[in-house]
Structure formats: structure tokens, C-alpha cells
Amino acid sequence: MTQLSVENLLGIKHLNQKDIELIFQTADHFKEVINRPIKKVPSLRDITIANLFFENSTRTKLSFELAQKRLSADIINFSAAQSSVKKGESLIDTVNNILSMKVDIIVMRHPLAGAGDFLSQHVDAKIINAGDGAHEHPTQALLDSYSIRERLGEVKGKKVVIIGDILHSRVALSNIFALLLQGAEVKLCGPTTLIPKYITQLGVGYENNLKNALEWCDVANVLRVQHERMDIKYFPSIREYKQLFGINKELLDSLNKDIVIMHPGPINRGVELTSDVADSKQSIILNQVENGVAVRMAVIYLLAQQIKRS
């Protein structure tokens, strides 16, 4: 297989196992590129990419921009905070104005679930979903799986626990889809108020005891509590959350094995992870950041290959 089965990257749920393998093989090549003294390739010299961020983002936006620059693409950056969206312009009008500048690929983050799907039905450009509401964040899940593969050899058969605020997390849902597709076992751990109803119907388990979850897993992917998405109180206090679901070095050292610690960032140090855990040898958080650029280069490159040049 030399081509993705999809025309846009809207969510992991649209991908198959061969798509993921192709993205990872391509990312292997680009990882080697970004570790060279000259970190650029001319692959996308004739491609224009618009980054449309209707929500604040630092890490994802920087990672996408760096990936695009490494591929030599032309880039347009658009931030809703400084745009006519504030004046009431619709999403379609905004995008059509950008498309009239002959844009080939749109990378979009939007607060509403399904925004990328909606857009893909109305415009010809390739769409990459950089996060839509609490729905999906496909490139984060891809780089997470890629990082597990790099550290443990493969994803198949591995036991992964996703810990924390599952309810408000687009990272959790995309990770569940990606991990199950590759043959991993997945459990969720966190306050019951932050676990969506019926989510176990996707084929994942639930464990409310953190120590038990860590004893079971090979990998712990730890999520932050997303206070900005909460309109009610989901647990009594940060102090209690930290006691029940925070990982510290003492807890990590008490396990009968070494597990891999991951986090999509930004970390609330001292809440879900203490600094000595985040910075420990078991942590692959900085590897995730580096792999994010290679994986996003791979996705952009593979979608760009589908663009027909007249």
C-alpha cells in the first residue's frame, strides 16, 4: 500500500490498520530527515497549507508549522482571535476566502465536534483535523502510538491505560480507536464523573483504582484535567484528585515492573504527574514531542501525494 485509503484526516475512526502502518513507515523516513544537519526536504515546494486555529493551541500548532517548513511547503497562518470570525463571518466564508488564495491543505482546530467533517463536504482542499471539540485529535493519537512502537517494539498486545479526564478529552477517543485498531488492550482510569457513559461499549475496560491500573499496564497515558471545558464541579478538590489519580515517584517505584509514562501536554505538574515522574527515564514525553513532527510530516506528505496537479 503506497496511498492512504482516505482523502482527509478527519479522525482515526476513518482509518484502517494499513493506513496507520503506512503513516508510521513514512514517519520513520522523516524522523531520519529531521535528525540530519540539514533538516529540510523539498517534497512539498508547490503545496500551500493554511493553518486555521479557532481555538488556542501552542504545541500542536508549532508542531504542524515545523512539519510544514521541514517539507518546504508555503504556509498561511490564521488565528480566529484576530480574524473576521469575531465580526460574525461564517466558517465556510472564512475558508472560501482562504481557498481563493489557492490553498491545497487545511489544518484546522475548532471548538465544535465535526467541524472538519462539515468542512470536507464543502471545500476541495485536503482537511487535517488538529482537534475538534472533545471529539478527535487524530495526529496526537498517531504520534502516541508511534512513540509506544518506538519504545516497546510494537503496539499489538500491549496494555495501555488512559488516566484522567476522559470525558473532555479528544486525545482519549482518538487513542482508543488507534490502539484497538493495532491490537492493544485499553483500560480507562479516573473519577467516574469524568468517564463518559457507554464508553466501555467501544471495547475498553474501566478501573477506578490507580495502583491496580498501573500494575496491569505496560503504558500509562496520563491526561490533564481540562478545567476550561468544565461548567460544573466533577470532583471535590484538586487535592483529592491528586491523592487518588496523581502519579508520583513513590507510587511508580512501588510497582513490580517498569512502565512507560506518556502525556500529550501541557502537564499540570504536581497534579496528574509530579516532576520527578515527568522527567524520569520511564517518561517518553519529550520523545512524543519529537515524534509529533515526524508523524505530522508523514500525514501531510501522504495527503499531498493525492493532489492532482493540472
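Summary table below
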read-out: Count of the range 35-62 residues which are assigned to a loop (DSSP other than H, G, I, E, B) and surrounded by fewer than 16 Cβ atoms within 10 Å (Cβ to Cβ); value: 11
read-out: Matching residues, the range 161-176, being within 17 Å of residue 260 (Cβ to Cβ) and among the polar types (S, T, N, Q); value: 175
read-out: So residue 165, is it charged (D, E, K, R), in contact with a helix residue (DSSP H, G or I) (Cβ under 6 Å, 6 or more places away or on another chain), over 22 Å from residue 8 (Cβ atoms) and crowded, with 17+ Cβ neighbours inside 10 Å; value: yes
read-out: Qualifying residues in the range 137-177 (those that are in a helix (DSSP H, G or I) and in contact with a Pro (Cβ under 8 Å, 6 or more places away or on another chain)) - the one nearest to residue 282 (Cα to Cα); value: 144
read-out: Close pairs from the range 91-108: first part of a helix (DSSP H, G or I), partner aromatic (Phe, Trp, Tyr), Cβ under 7 Å, at least 6 apart; value: 98/78
read-out: Exclusive hit being small (Gly, Ala, Ser) and in a helix (DSSP H, G or I), set 113, 67, 134; value: 67
read-out: Subset of the range 60-79 (residues that are at pLDDT below 90 and in contact with a helix residue (DSSP H, G or I) (Cβ under 7 Å, 6 or more places away or on another chain)); value: 78
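The values are calculated or read from the model by the stated rules, or taken from the named source; none is laboratory data. Everything quoted here is computed from the prediction, not taken from an experiment. Cβ coordinates were reconstructed from backbone atoms using ideal geometry, including for glycine residues, and neighbour counts include every protein chain displayed.
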